[in-house]
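The values are calculated or read from the model by the stated rules, or taken from the named source; none is laboratory data. On a predicted model such as this, the values are computed, not experimentally measured, just so you know. Cβ sites come from the backbone with ideal geometry, for glycine too, and all protein chains shown count toward neighbours. For the accessible areas, the whole protein counts, side chains as well, though only heavy atoms, and no ligand, DNA or RNA atoms are used. Shrake-Rupley method; radii C 1.70, N 1.55, O 1.52, S 1.80 Å.
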Amino acid sequence: MTAAAPEPKENMGQPVSRYDAVVKVTGRATYASDMPLDNPAYAFLVTSAIAKGRIDRFGLDDARGVRGVIEIVTYENAPKLKDSKLFSDGGYAGTTIQPLKSAEISHDGEIIAVVVAESYEAAREAANRVKVSYTATAPSATFDSPGTTAAAAKGQNAQFKEDAKVGDFAKAFDAAEVKLTAAYDTPTQHHNPMELFTTSCAWMGDNLVIYEGSQYVYGLKNGVAEQLGIDADKVRVVNPYVGGGFGSRGSMTPRTAIIAAIARRLNRPIKLVPTRDQGFTITTYRAETRHEIKLGASRDGKLVALRHEGAEISSRADAYCVGGTKTTTRLYACANVDSLVSIVRADRNTPGFMRSPPEVPYLFALESAMDELAVKLNIDPVELRRINDTTNEPIGGKPYTSRALMACFDEAAKAFGWAQRSPQPRSMSDGDWLIGHGCAATCYPTQMAPSAARVRLQRDGRTRVEIAGHEIGTGAYTVIAQTAAERLGVPLEKVAVFMGDSDLPPAPVAGGSNSTASTCSAVMMVCDQIRQRLFKAVMPGQSLTDRAKETVGLGQTPATQAAKSDRPLDLEKAFDALGVGVVEEYGEWKPEGAPLDSFRAMHSGHPRLVGGHQMKDQIAYAFGAEFVEVRVNRFTHEIRCPRLVGAFAAGRIVNPRTARSQLMGGLIWGMSSALLEATEIDERNARYVNDNLADYLLPVNADVSGVEVIMLSEQDDRINPAGVKGLGELANVGTNAAICNAIHHATGQRIRKLPVRLENIEV
Amino acid sequence: MRPFSYQRATDPTAAVQALGAAAAANTPLTKATAQPLAGGTTLIDLMKLDVMRPAGIVDINPLAQGWSAIELKGDGLRLGALAKMADVAAHAEIERHYPVIANSLKLAASAQLRNMATLGGNVMQRTRCSYFRDVTYENCNKRNPGSGCAAMDGVNRMHAVLGVSDQCIATYPGDFAQALIALDAMVEITGRSGTRNMPFAELHKAPGSTPDIETTLQPGELISAFSVSGRWPRSVYLKARDRQSYEFALSSAAVALDAQDGTVREARIALGGVATVPWRAREAEALLKGQKFDDGLAQRVADAAFAEARGRRHNSFKIALGKRVVARALQQAVTMEI
Ligand SMILES: Cc1cc2nc3c(=O)[nH]c(=O)nc-3n(C[C@H](O)[C@H](O)[C@H](O)COP(=O)(O)OP(=O)(O)OC[C@H]3O[C@@H](n4cnc5c(N)ncnc54)[C@H](O)[C@@H]3O)c2cc1C
Ligand code: SF4
């Protein structure tokens, strides 16, 4: 075993290498825009240079003169498309702003024309030659810009149901022995996955095939069908590999239906490859947020009052919000809690999911405030968390299905060497560098959604698993193959997995870190159906109840228990008895508490995610603790983070290798978010300025020197049959606060606004 | 990107002919219809962005044979304009005798870019001003003379505080040029009437009222080499930036000293990331001459270097930062073991 392939602990699978490792490192993995098309035309987008106003006129002569141009589509001649509702209102779209519909412009970089040509180069050149005259109106860019409107999230956003409260916050805060009030800000961020936001659309008669990196092929298929007014069964979305998603590919963007409609009109496949900067405005992003936290505590550190107020930017058209108070009001024991989330509308494109959407901004605020409180109380920050640890969330009193927060703190603290830290700010240094150590809690709701799967087993053990899941780089192929191999008792090499195709049985959106829990639970169930058939063949007289469970480990028992009691099934004997060459089963699995319409919704591209705080009698979260070392240069004030240590408990770890990579990536993204990432907005015109990978700062190798991931063994039989808590979005949640807390320790300066840049340091 | 013709220059004469023949009178170099192509890491980038639209490209890479030598002779240094940044950065003799040059290159861009990019292209690289690089902004005096400056009251964190005009505040982004200007380097220029040498300090032009004119080079002229006289082992390049690699300077200082036992005989200071052109801080240097070095002196020198600085909304921090960088670079140079 190596660092990359950690020794499995109790309730962990084997750290096998990735199913798709070889095709990826040899460059043979085909991403959506690698798919060959028959005689394609190429599209290039023209996007608006103003954020608000209208188009007066297009000057297209120059562009039309470029050799190879086939057509220039603007609102004046665009194919008509049906509107699509926002996903949170029962639709598929990440925005209801439908470009090419009228001369009106509602955000910077809105698609205003599509140039189609015989080559990419001709399309791009012609797009550069399109002239547009606008009448611009002054837009409202962000918080504090004139013209924005603010209102409570509740009532505007169907998915934001309640502002959590309990007890009497005002009274308790008033009476608290120690009080803290602090405001925190987080910036605009863009996902910037490596794979650009391409789409290719090809018609064969009435059938449409879409090649597009998507985190939800069923959502995209149904959404595009709805916009085109055709039967969803005539649309197929294919993407065996996705070059990163981070939430940006979870809901449908307007580009796809437009390209599909133009392809239909021209009767030719069309390939669209937008540029990096266009990606900043034609999809979603993480909007900037503001927070005010009030904490009241007794002198011995017990929280007596907690209030979290958050404000988030959204577009004029859509009331998107993340509402992370659902988590921050439930993390610690506290009898008097209050919260309020509001949405501030500006002239922007609609924001959307990005890497732990609610938890990243909201926990930054809470976990920074907890550190401030610890300093005020003169209590070690780890101990302050211990004092307020709880088995039940305070709002509804429901028990956590399992909660290893303090065990994570203790493991990570030990590995980090927290005990050697001198608690006084500015007390540690090394040459030109002030050193700071900080920590924070991290958590992420455990979510599951209905999923189907088809499994086919042959006499020689060869197995084929079909499921419209998504390989966005997480290791989905690998853990699904492992699950099938383990459940059927066949060698891993004999399992083939097919994903990323909406012609396969539906799987949920690869979002909310639900994929492993959902898809592996479905695959386990269908494997069990196969075992049942085989069992009946070998032991026709036996009742399927007790004897079956004992012999082949049937039913939705957690993987480990099943594995322990299983005896290998004699496949050849079973197939001979059955007298067939192949056993194939299809099944649909849904988590406990999933709504009645779950399966219907699953097929029509609506994931019915359940879990987190929305479960009936319990609440399910994965937990972790993160410790970081920052160094702040006395002279240049440069801030570097040479060491990140995280300990995490997330139920069954199907594969410690891929899980570690996810958690490591999360810690790095967290550091990136704390110190580097921010989309700058020109407030005068509500336009994004640093819309490229040179200016939108992400960490490079030299910024990442030490990352240590510790996975705790945890068994939770109350969440789902696979026993899995999602961990993809677990690690990047706590890092923002941990780093700011460490900066405070290094410099004595408390920074409440992200990202922290050298000009914010005043040592 | 727009279609362009491509020509490989077989020898220097052909190159300058091809470049000069295409040029209309009075066009600024950057708008000339033919542009030389070296590593392409600036030029191709700007063509893709539609910022530069040359009708023709003259690929000068075939001249590398004669124009890429790294030569330490006598007590001087000569660097061919087509030498790769990576090769010069890793050259042991340069690391030893000219650490300021080696480090200005090592700390620039990324390994991939340094492998492609040439010294000539590097000094000629253009500003990273976001508004300059985005053609949907009409108002950029550098791109569209007389159209205004979007950066002046826009997002200007990366912009300059020295050498600015009311027409343009774009930062000269390169690192290597700071080492050259600090060391009083000469630049060798090959044109249609042969080669000439001039001080590197005369190559770049502050924006003034003509920010579209960035250098004194004329169409049909190429940089063929750089030279430095003397050895400068007591020299440092200190660069402050947002991340540890692959990032332009927020503030940098190239410092070269002739000093013994803490007394400075001669000092050279250049500033990067803060000025519109490679920036020599001559008044500041003068304060050091013949003086015993201490932290108070370093502070006064740093203050003098930024005496004329003018900050704007997002970049005022560069003044205080720049002073600390200069003071620290001086301390490092004085205490350097050589
Ligand atoms: C993301 C990114 C980060 C970067 N970071 C840094 C950094 O931190 N520090 C830094 O210093 N640089 C940085 N750079 C800039 C990089 O160093 C330059 O792009 C590179 O040095 C240019 O060299 P080249 O040979 O590729 O030039 P080219 O792109 O070929 O040419 C640049 C310009 O110079 C002209 N030219 C080329 N050769 C000659 C010559 N011999 N005579 C006259 N004119 C000539 C060309 O016509 C063109 O206009 C970065 C670049 C990028 C893209
Ligand atoms: S600073 Fe210079 S380059 Fe930038 S927008 Fe203004 S004029 Fe153009």
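Structure data summary
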read-out	value
Protein accessible surface hidden between B and A, which excludes ligands and nucleic acids, total in Å², probe 1.4 Å	2900 Å²
Percent accessible area from carbon and sulfur atoms, chain A, protein chains only, probe 1.4 Å	50 percent
Taking only Cα atoms of the stretch A:155-297, radius of gyration then Dmax in Å	22.2, 73
Whole-Hz ³J(HN,Hα) from phi, Karplus 6.51 cos²θ - 1.76 cosθ + 1.60, for the stretch A:214-221, glycine and proline x	9, 8, 7, 5, 6, x, 5, 4
Relative counts (whole %) of C-alpha pair distances in the stretch A:562-677, using bins that are 10 Å wide	9, 20, 23, 24, 14, 7, 3, 1
Dipole of the protein assembly as shown, positive direction: furthest Cα of A:Q482, A:A674, A:T142, with charges on the beta-carbon	A:T142
Cα centroid separation, the stretch B:77-133 to the stretch A:265-290 (Å)	35 Å
Cα-based reach from B:K31 at 18 Å (exclusive), listing lysines while leaving out same-chain residues under 8 positions away	B:K48, B:K142, B:K205
Euclidean distance between Cα centres, the stretch B:177-207 to the stretch A:426-470, Å	55 Å
Label zone at A:R57 (point 7 Å along Cα-to-Cβ), backbone N below 18 Å, the stretch B:129-159	none
Computed lengthening from A:V25 to A:K753, 0.36 nm per intervening residue step minus Cα-Cα distance	258.2 nm
Fraction of alpha-carbon pairs over 21 Å apart in the stretch B:1-70 - percent	24 percent
Net +/- balance of residues flanking A:Y211 in space, Cβ distance below 15 Å, scoring K and R +1, D and E -1	-1
Choice from B:H97, B:H159, B:H314 with maximal GNM fluctuation in chain B (Cα, 10 Å cutoff)	B:H314
Cut-off under 5 Å, modelled amide H: who pairs with A:Y285 long-range	A:G352
For A:685-694, mean number of other protein chain Cβ atoms within 10 Å	4
In Hz, Karplus ³J(HN,Hα) per residue of the stretch A:257-266 (6.51, -1.76, 1.60; θ = phi - 60°; x = Gly, Pro)	5, 4, 5, 4, 5, 5, 4, 5, 5, 7
Dipole of chain B [Lys/Arg +1, Asp/Glu -1 at C-beta], most positive-end residue of B:G39, B:A14, B:F248	B:F248
Descending semi-axes in Å of the stretch A:590-740, equivalent ellipsoid built from Cα gyration tensor	35, 23, 13
Shielded by partner chains, the stretch A:88-130 residues - at least 20 Å² of accessible area, 1.4 Å probe, vs chain alone	A:R124, A:E125, A:N128, A:R129
Pairwise label distance in nanometres, A:Q614 with B:S147, each label 7 Å out on the Cα-Cβ vector	4.8 nm
Principal axis box of the stretch B:148-254, alpha-carbon based, largest edge first, Å	44, 37, 21
Phi to ³J(HN,Hα) by Karplus 6.51 cos²θ - 1.76 cosθ + 1.60 over the stretch A:270-286, Hz, x for Gly, Pro	10, 10, 10, 10, x, 7, 4, 5, 5, x, 6, 10, 8, 10, 9, 6, 8
Cα→Cβ-extended label distance, 7 Å offset, between A:R459 and A:K154, nm	6.5 nm
Separation of the B:T216 and B:D11 label points, Cα + 7 Å toward Cβ, nm	2.9 nm
Long-range HN-HN contacts of B:Q291 with modeled amide H, under 5 Å	B:V264
B:R310/A:K165 FRET efficiency (R0 45 Å; Cβ-Cβ; nearest 0.05)	0.30
Given charges at Cβ of Lys, Arg, Asp, Glu: the protein assembly as shown dipole, positive-most of A:N741, A:A29, A:V69	A:V69
Cβ-derived FRET efficiency at R0 35 Å, A:A183 paired with A:D717, nearest 0.05	0.25
Chain A, accessible area per residue, ligands and nucleic acids excluded (1.4 Å, Å²)	35 Å²
With every protein chain in place, chain B: carbon and sulfur % of accessible area (1.4 Å)	49 percent
Exceeding the 26 Å Cα-Cα cut-off - candidates A:K221/A:K326; A:K52/B:K318; A:K154/A:K616; A:K271/A:K590	A:K221/A:K326; A:K52/B:K318; A:K271/A:K590
Volume in Å³ per residue [convex hull over Cα atoms, computed for chain B]	125 Å³
Additional length obtainable on full extension of the chain from A:E7 to A:D503, 0.36 nm per residue less Cα span	174.8 nm
Amide H contacts of A:A468 (H built 1.01 Å from N, under 5 Å, at least 5 apart or other chain)	A:A507
Helix axis angle, B:317-335 relative to chain B longest principal axis, alpha carbon, degrees	60 degrees
Helix-only CD estimate at 222 nm, as mean residue ellipticity for chain A, using -39500 (n - 2.57) per DSSP H run (n ≥ 4)	-7500 deg cm²/dmol
Net length gained if the chain between A:Y120 and A:L266 were fully extended (0.36 nm per residue, minus Cα distance)	50.9 nm
Solution diffusion estimate, µm²/s, Stokes-Einstein, the protein assembly as shown, Kirkwood Rh from C-alpha pairs, 10 °C, viscosity 1.306 mPa s	50 µm²/s
R0 of 30 Å, Cβ-Cβ distance A:S102-A:E71: FRET efficiency to nearest 0.05	0.95
Reciprocal of mean inverse Cα separation for the stretch B:56-95 (Kirkwood radius, Å)	11.1 Å
